[in-house]
Amino acid sequence: MNYVKAALTLILAAAMVGGCGDDGGGTTDGSTTIPDAGPGETLFYVASVLGVGQADPTGDPSIVPGFNLDSLVSDASDPAGCLHADFTSPSPDNEPGVDNQLGPILSSVGSSIDVEGSLSENILDGSLLLLFEVERVNDRVNDPEVGLNIFIGQMPAGVDAPADADGDGLIDSDQTFDINPSSLVGGEPLVSVSGSIINGRVHAGPVDIEINLPVAGGLLLNIRDAEVRLSIAGDTISAGIIGGALDVDETVATIVAIDPDAIPESLARSVLEAQADLVPDAAGACTAVSVGLTFDGIAAVRGVTGM
């Protein structure tokens, strides 16, 4: 079971490294297109904290980060939710009907792998750098049209790892990070989606995100209909969430590909099918698992596209 937890952690940790989005040409309300207000400013951040959407650490198991992906508020007796109770997201969203079955799995299948600690170590050594670029910002509090780009980053040439001057386990702000070329296609961001800012909080999506993990010869994963939210406050972003649906068949194939001997397909499938809560088939069986990732970030400087 620990192998499954490690595999899921690896997948979730890379959930924003690449993908596809819309054309970013303004938001739409019914048949009316809201024009861009102007070029605005561009804000650039690096994730300093990453999490896998586990239950509220204060002890309330009903509070879990994520989104209401199926527009339902289900309890454990609702066949439409495949008999999985929904959650409520933490502040500032406080949204009912949250679908996030995969995060709580990671906190319940064993304690031998420190998920949050592993993610922190990967950030500090520069092997897991998620970069967020908010474009066309004309008002940081309320703006009807902004763009959000997400990249995987890499250290500039000659720099081994991000700085942590005070040794608090969090990387320092205003450092330069290059863009990993796997995050671009034709020079444009692979993950690029329009959104808005409401009361200081960016809302963007839905967008299908294709994840390309640079392990085991290349592993592909799709987070479907993903939503992204993050709060902007000065030089930081906080309460970030990315949530969507993982197709069971695709995810099983990805997990098994990590190590077919260590992770039997039957085990991976049983874990995921037991938690599937989205996209019911003709027989009513859910074929996708909801996921919600969390992040905070600090201001950074966009470098060059790396090699």
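Is one or more of the residues making up the stretch 290-302 buried (at least 17 other Cβ atoms within 10 Å of the Cβ), under 24 Å from A76 (Cβ atoms) and modelled with pLDDT of 90 or more?
Yes, the stretch 290-302 contains at least one residue that is buried (at least 17 other Cβ atoms within 10 Å of the Cβ), under 24 Å from A76 (Cβ atoms) and modelled with pLDDT of 90 or more.
Restricting to the stretch 171-211, name every residue that is in a strand (DSSP E or B), under 18 Å from A157 (Cα atoms) and either modelled with pLDDT under 95 or in contact with a Ser or Thr (Cβ under 8 Å, 6 or more places away or on another chain) (or both).
D178, I179
Could you check the stretch 102-134 and list, in sequence order, the residues that are surrounded by 20 or more Cβ atoms within 10 Å (Cβ to Cβ) and modelled with pLDDT of 85 or more?
I123, L129, L130, L131, F132, V134
If you go through the stretch 239-283, how many residues are over 15 Å from Q101 (Cβ atoms), among the hydroxyl-bearing types (S, T, Y) and surrounded by 15 or more Cβ atoms within 10 Å (Cβ to Cβ)?
Residues in the stretch 239-283 being over 15 Å from Q101 (Cβ atoms), among the hydroxyl-bearing types (S, T, Y) and surrounded by 15 or more Cβ atoms within 10 Å (Cβ to Cβ): 1 in total.
Would you tally the residues in the stretch 27-61 being touching an Asp or Glu at 6+ places or on another chain (Cβ under 9 Å) and either at pLDDT below 90 or more than 24 Å from E133 (Cβ to Cβ) (or both)?
Here the count works out to 10.
Quick check: anything in the stretch 62-80 part of a helix (DSSP H, G or I) and modelled with pLDDT of 85 or more?
Within the stretch 62-80 (the criterion being part of a helix (DSSP H, G or I) and modelled with pLDDT of 85 or more), the answer is yes, since at least one residue qualifies.
Across the stretch 188-199, which residue is farthest from the chain's Cα centre (by Cα) among those that are touching a residue at least 12 places away in the same chain (Cβ under 8 Å) and surrounded by fewer than 19 Cβ atoms within 10 Å (Cβ to Cβ)?
Taking the candidates together, the pick is N199.
Within the stretch 40-96, which residues are in contact with a helix residue (DSSP H, G or I) (Cβ under 6 Å, 6 or more places away or on another chain) and among the hydroxyl-bearing types (S, T, Y)?
S74
Where residues in the stretch 219-238 are surrounded by fewer than 18 Cβ atoms within 10 Å (Cβ to Cβ) and of a type in the set (A, V, I, L, M, F, W, C), which of them is modelled with the lowest pLDDT?
My answer is L220.
The values are calculated or read from the model by the stated rules, or taken from the named source; none is laboratory data. The structure displayed is predicted, hence computed values, not measured ones. Every residue, glycine as well, gets a Cβ built from its backbone with ideal geometry; the counts of neighbours run over all protein chains shown.
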